[in-house]
C-alpha cells in the first residue's frame, strides 16, 4: 500500500481526518472548499509508511470544477480510498460512494460527524450499511479523533468490488433503497443554533446580523491588536531591546557602514524604531511589534468565524452585490482570506469557477484588499494623525473596489456564474482547534514574512549606499512629484513595495511627509502592484498573460488615483 | 400546483417535480442533493433576484436565481 486517498463531498471533514491520520498540521474550517489544493502527508502503520492525500471535496466524479478535476486525476494513482461520508446526510453522500465502488480501487468508508447524528435524531445501522455496500464502514468523529484507530485497523479488510457501471437514475434508486433500510429518523426539536441559522440566512434579519458580525469582528481585531502592542510589545522593545541595541551600536561605532545597516540612524541620540531603519531595529520591530499583533488578532477572529460556519452565509447575503461587480457571493471567501495575506487569498481563487471570474477577483483583490501587514502599518503610521485619515485611505480602496468591479463587469465579456453552495450547519468552534489553526497561520507568517522584511530593510540600506535610489528618484520624479505631490525620495518605498508592502509603508515614516502626502503614499502603495509572493501565486493561478493584463490595470489605476487624491485633498 | 423555486414562499414546503436544464445543470444540482421526488422547504429568498435558500433532507443549499427558475416544485395551495 503506497498511496491512500481521502475522498468525499465538500465539508465532510476530510482535512480533520487527514490531520488525525498523519499528525500533519493543515487548515480545517467549516465551509465547503477549504482544501483547494491536495495536501499530502505520511502515516505509520506498523512498518509501512504510506502517503496519505487529502483530495479536494467533490459531489460526483464527473469533473465540473477544478477541485473535481483534481480529484478524478488523483483517483487513478490511489492504492486505497477512504471515502469520508457525512453521517448526517447519508443519502446525498452515497452517490459518490456508489461511483467510487465502480472504480478499480479498494474502498473503506469513514462515517464521519457521527457525534452529530445523535443531536439530529438520526439513527444509522452500521452493520446493515456494511452489508448493503459490501465494504467496511466505520463511524468516526474527525474533530475528537473517535473511531480513527478502528479505521486504521480495518484497512486490511478493504475490498475492491469494482461493481458494474450503472446510470444516474439507477444509482439514486439504489441509494433510496439503502437509506430506507439502514436509517431511521426520529423527531427532534430545533436547537438554539438551528434557529440562529435560519435567522442569519433570511434577508431581513440576516443583513443586520451580518453588519453586526462584521462590526464586532473589526472592533475585536483592533482591540486585541492594539492591546498587544500597547501593553506587551512596545514596552518590551522600549525597555529591553533599545538599551541592548544602543550598546551594540556603540560597539560598532556610529557612522560606520555596519552601524547604518544593522542599527540605522540615531534620532536625537537614540533609536526610533519607526525611523532608524536598521535591520536589527526597524527590521525586527516592524514584523514583530507592528504587524504580528494584528496578524494574531485577525486570524483568531477569522478562525472563529470559519469554524462557526458563518462565511457561507455571508456569501449568500452578499451574492447580489457581488454579481454587480462581476463575481458571485462565494468570492467573499478569497477576499476575506486576502485581508489576512493576499497569498492564501490568491490560492483560494480556485474556489471560483471561470477564468473571467478569477481574473476579476484577482485584480480586485490585488488593488483593493490590503493585507493585514499593510493595514497594521497604515494604522500604526497614519492612525496617530487622526482616524479620519484612515477613513480616507480605506474608503478610497473600497470605492475603487466597487467602481473597478462595475467597469470590469461591463467591459469583460461573459456573465458571472451562479451560486450553488451547501450551507453547513453552525458548529460551536472548539477552543483547541481554533488555537491550533491560529498557531499554524502565525508561525507561517513568522517563517515566510519575517525573513523578507529583514531582507527588505537590508536592501533599502544597500540601495541607498550604492546611490541606486537617488538614480531612480531622478527618473521617476515627474510622476512622484508632478502627479502625486510626493517627494521624489518616496520612490524607495515603491521599489521595496515589490518585496514587502509593510516595509514599504514603514519607509514613508522617515520621509517627514505631510498628512496629505502620507495618505497618497499609502493608497498608491496599496494599489500599484502586489508584493512578490502574491505576484508569483497569481501568475500560477491566472497564467502569465492574464497576470500581465492585471498588472497593467493596477499601475494605471495607481497613476489615476494618486493624481486624483493629489487634486482633491 | 407546480411553481418554480423562485415562486415558492418562505417556509412553504413541496415536492421537487422536475429539473429543466442541460446535463451539466442537472448533474450539479442533483449532486448537491436537490433532485426530483425530494421534499423541499424554502428558507428564504434574497432581494433583487438574489439566491434562494432551501432545505432538503437535513441540509441547506443556496441556489442562484437563474438556476432556481429551472427547478419546478409541486406545492399545495388553495
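The values are calculated or read from the model by the stated rules, or taken from the named source; none is laboratory data. Just so it is clear, the structure is predicted and the values come from calculations on it, not from any experiment. Cβ atoms come from the backbone with ideal geometry, glycine included; neighbour counts cover every protein chain shown.
Residue B:49 - would you say it is in contact with a helix residue (DSSP H, G or I) (Cβ under 8 Å, 6 or more places away or on another chain) and under 22 Å from residue A:185 (Cβ atoms)?
no
Could you list, in sequence order, the residues of region A:1-35 that are on the phi < 0 side of the Ramachandran plot, crowded, with 20+ Cβ neighbours inside 10 Å and assigned to a loop (DSSP other than H, G, I, E, B)?
Answer for region A:1-35, where residues must be on the phi < 0 side of the Ramachandran plot, crowded, with 20+ Cβ neighbours inside 10 Å and assigned to a loop (DSSP other than H, G, I, E, B): A:9, A:10, A:12, A:28, A:29, A:30, A:31, A:32, A:34, A:35.
Considering only residues that are part of a helix (DSSP H, G or I) and either farther than 17 Å from residue A:263 by Cβ or touching a strand residue (DSSP E or B) at 6+ places or on another chain (Cβ under 9 Å) (or both), which ones fall in region A:443-454?
Those that are part of a helix (DSSP H, G or I) and either farther than 17 Å from residue A:263 by Cβ or touching a strand residue (DSSP E or B) at 6+ places or on another chain (Cβ under 9 Å) (or both): A:443, A:444, A:445, A:446, A:447, A:448, A:450, A:451, A:452.
Please indicate, with yes or no, whether at least one residue in region A:312-324 is surrounded by fewer than 22 Cβ atoms within 10 Å (Cβ to Cβ) and away from chain B (no Cβ under 13 Å).
no
Just checking, which of A:84, A:53, A:45 is within 22 Å of the chain's Cα centre (by Cα) and either crowded, with 19+ Cβ neighbours inside 10 Å or away from every other protein chain (no Cβ under 14 Å) (or both)?
Every option except A:53 fails the conditions.
In contact with a strand residue (DSSP E or B) (Cβ under 6 Å, 6 or more places away or on another chain) and within 26 Å of residue A:85 (Cα to Cα): which single residue out of B:40, B:73 fits that description?
Going through B:40, B:73 in turn, just one is in contact with a strand residue (DSSP E or B) (Cβ under 6 Å, 6 or more places away or on another chain) and within 26 Å of residue A:85 (Cα to Cα): B:40.
So is residue A:326 more than 19 Å from the chain's Cα centre (by Cα), touching a residue at least 40 places away in the same chain (Cβ under 8 Å) and assigned to a loop (DSSP other than H, G, I, E, B) or not?
When the stated conditions are applied, residue A:326 passes them.
Out of curiosity, is residue B:73 crowded, with 19+ Cβ neighbours inside 10 Å, part of a strand (DSSP E or B) and either out of contact with any helix residue (DSSP H, G or I) (no Cβ under 8 Å at 6 or more places or on another chain) or without any contact (Cβ under 8 Å) to a residue 60 or more places away in the chain (or both)?
So residue B:73 does not fit the description; no.
Tell me which of these residue B:50 doesn't satisfy, since it passes every other one: (1) buried (at least 22 other Cβ atoms within 10 Å of the Cβ); (2) touching a strand residue (DSSP E or B) at 6+ places or on another chain (Cβ under 8 Å); (3) outside any strand (DSSP E or B); (4) within 7 Å of another protein chain (Cβ to nearest Cβ).
Answer for residue B:50: the failing condition is (2).
So, residue A:404, is that one assigned to a loop (DSSP other than H, G, I, E, B), in contact (Cβ under 8 Å) with a residue 40 or more places away in the chain and out of contact with any strand residue (DSSP E or B) (no Cβ under 7 Å at 6 or more places or on another chain) or not?
It is false that residue A:404 is assigned to a loop (DSSP other than H, G, I, E, B), in contact (Cβ under 8 Å) with a residue 40 or more places away in the chain and out of contact with any strand residue (DSSP E or B) (no Cβ under 7 Å at 6 or more places or on another chain).
Assess whether residue A:343 counts as being away from chain B (no Cβ under 14 Å), closer than 22 Å to residue A:440 by Cβ and either surrounded by fewer than 24 Cβ atoms within 10 Å (Cβ to Cβ) or modelled with pLDDT under 90 (or both).
Taking the combined requirement at face value, the residue satisfies it.
With respect to residue B:55, is the statement that it is without any contact (Cβ under 8 Å) to a residue 60 or more places away in the chain and either surrounded by fewer than 16 Cβ atoms within 10 Å (Cβ to Cβ) or more than 7 Å from every other protein chain (Cβ to nearest Cβ) (or both) true?
Criteria met by residue B:55.
Any residue in region A:365-389 that's without any contact (Cβ under 8 Å) to a residue 12 or more places away in the chain: show its pairings with residues that are in a helix (DSSP H, G or I) at Cβ separation under 7 Å, as long as the two are six or more apart or on different chains.
A:383/A:390
Taking region A:403-415, which residues are in contact with a helix residue (DSSP H, G or I) (Cβ under 8 Å, 6 or more places away or on another chain) and over 20 Å from residue A:520 (Cβ atoms)?
The answer is A:405, A:406, A:408, A:409, A:412, A:413, A:414.
Hey, which of the helices (runs of 4 or more DSSP H) in region A:90-179, taking only ones fully inside, have at least 1 residues that are in contact (Cβ under 8 Å) with a residue 12 or more places away in the chain, more than 36 Å from the chain's Cα centre (by Cα) and at negative phi?
A:126-133
Just wondering, is there one or more residues in region A:415-424 that are more than 14 Å from chain B (Cβ to nearest Cβ) and surrounded by fewer than 18 Cβ atoms within 10 Å (Cβ to Cβ)?
No, there is no match, as no residue in region A:415-424 is more than 14 Å from chain B (Cβ to nearest Cβ) and surrounded by fewer than 18 Cβ atoms within 10 Å (Cβ to Cβ).
In region B:9-24, which residues are within 19 Å of residue A:423 (Cα to Cα) and within 11 Å of another protein chain (Cβ to nearest Cβ)?
Selection gives B:10, B:11.
Give the residue, chosen from B:28, B:60, B:35, that is at the interface with chain A (Cβ under 7 Å from one of its Cβ atoms) and in a loop (DSSP other than H, G, I, E, B).
When all the criteria are applied, what remains is B:35.
Quick check on residue A:240: is it farther than 27 Å from residue A:379 by Cα, over 33 Å from the mean Cα position of the chain (by Cα) and in the same structural domain as residue A:287 (by TED's automatic domain parsing)?
Against the criterion (farther than 27 Å from residue A:379 by Cα, over 33 Å from the mean Cα position of the chain (by Cα) and in the same structural domain as residue A:287 (by TED's automatic domain parsing)), residue A:240 does not qualify.
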